[in-house]
1. Considering only Leu58, Phe143, Leu175, whose Cα is most displaced toward the positive end of the charge dipole of the chain, charges sitting on Cβ of Lys, Arg (+1) and Asp, Glu (-1)?
2. Can you run phi through the Karplus equation (6.51, -1.76, 1.60; θ = phi - 60°) for the range 65-72 and list ³J(HN,Hα) in whole Hz, with x for Gly and Pro?
3. List, in order, the whole-Hz ³J(HN,Hα) value for each residue of the range 232-239 obtained from phi through the Karplus relation with A = 6.51, B = -1.76, C = 1.60 and θ = phi - 60°; use x for Gly and Pro.
4. I'm a student and want to see the number: the projected area of the Cα convex hull of the range 141-190, averaged over all directions, in nm².
5. Treating the beta-carbon of each Lys and Arg as +1 and of each Asp and Glu as -1, no other charges, what is the dipole magnitude of the range 176-239 about its Cα centre, to the nearest 20 debye?
6. Give me the aspartates and glutamates in straight-line cross-link reach of Lys232: C-alpha distance below 14 Å, same-chain residues under 8 apart excluded.
7. Spin-label point model (7 Å from Cα, Cβ direction): what's the Glu104 to Glu13 distance in nm?
8. For the range 13-116, give the magnitude of the charge dipole about the Cα centre (Cβ charges: +1 Lys/Arg, -1 Asp/Glu; no others), in debye to the nearest 20.
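What follows is calculated from the coordinates using simple rules that are stated; it is not laboratory data. Predicted, not measured: the structure shown is a model, and the values here were computed from it. Quick reminder, even Gly has a Cβ in these numbers, built from the backbone with ideal geometry, and neighbours come from all protein chains shown.
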Amino acid sequence: MQLLAAELLPQPESTESIFRRVYAAVARKAEAPPVRLHVRPYVATIGRLRLVQGVLELRLSDWMAAAPATVREALAWILVSRLFRAAPPAHWVRHYRQFLNRKEVRHLQQAVRAVRSRKYISGPEGRAYHLGRLFESLRERYFDPLLPAPQLGWSRRASRTHLGHFDHVHNAIILSSWLDRPEVPLYVVEYVMYHEMLHIKHPVEHRGRRRLVHPPAFREDEKRFERLAEAKAWLKSAR
């Protein structure tokens, strides 16, 4: 009797079925192509969807493939809409982001990144600037002397748009190698380093479902940089 009752309960919809249903809705067709799901131990959350020879090739990380059905449906709307170069429904995007913003999901994602991802860190010495000396100088001028020093490095790609980032999982500040040139003023490189050091002092805040990368205290501290306006003006003119 118990086995019969279990068989009568509605079974959760498979990921393949969700994506076919959403594809049909976006394409406004009665039928959707078959879905071939590849689950791998990826770090990324968003996944990848392609239409290859009449088959939807879907690649997902193992932990996203195990997410609740509504989250997988939100991801389906995002990826299928991207396939058609259309904007996904805002409520599905919001649902997906709210899921990723949950405390337990954030901790899981950080643990996965720490175990699975590899971080290239060149070291502090560059051709024109030494990040270690910049860090020490800025810490002495603006921060508590006990501010922990992370790993420091220059990026492999000389990006003009992505000038730096603080990776809290690997405890590393990486600056764009585009800044490591004699023609870039010292105060500009210092400003970018100062901005990333503020991320150590002011970690990302989570207020309910909101994720604040630059909370008010961060913005106030950023104004303390002596040549803030000059640095921003130089970067704006150079990019």
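1. Leu58
2. Values per residue, Gly and Pro as x: 5, 9, 5, x, 4, 5, 6, 5 Hz.
3. Taking θ as phi minus 60°, the curve returns 5, 5, 5, 4, 5, 6, 8, 9 Hz for the range 232-239.
4. Values: hull surface 17.0 nm².
Averaged projected area of the range 141-190's Cα convex hull equals 4.2 nm².
5. Working: 13 positive and 10 negative charges, 96 e Å.
Charge dipole of the range 176-239: 460 debye, to the nearest 20.
6. Partners within reach: Glu190, Glu222.
7. 2.3 nm
8. Using only the charged Cβ atoms, the result is roughly 360 debye.
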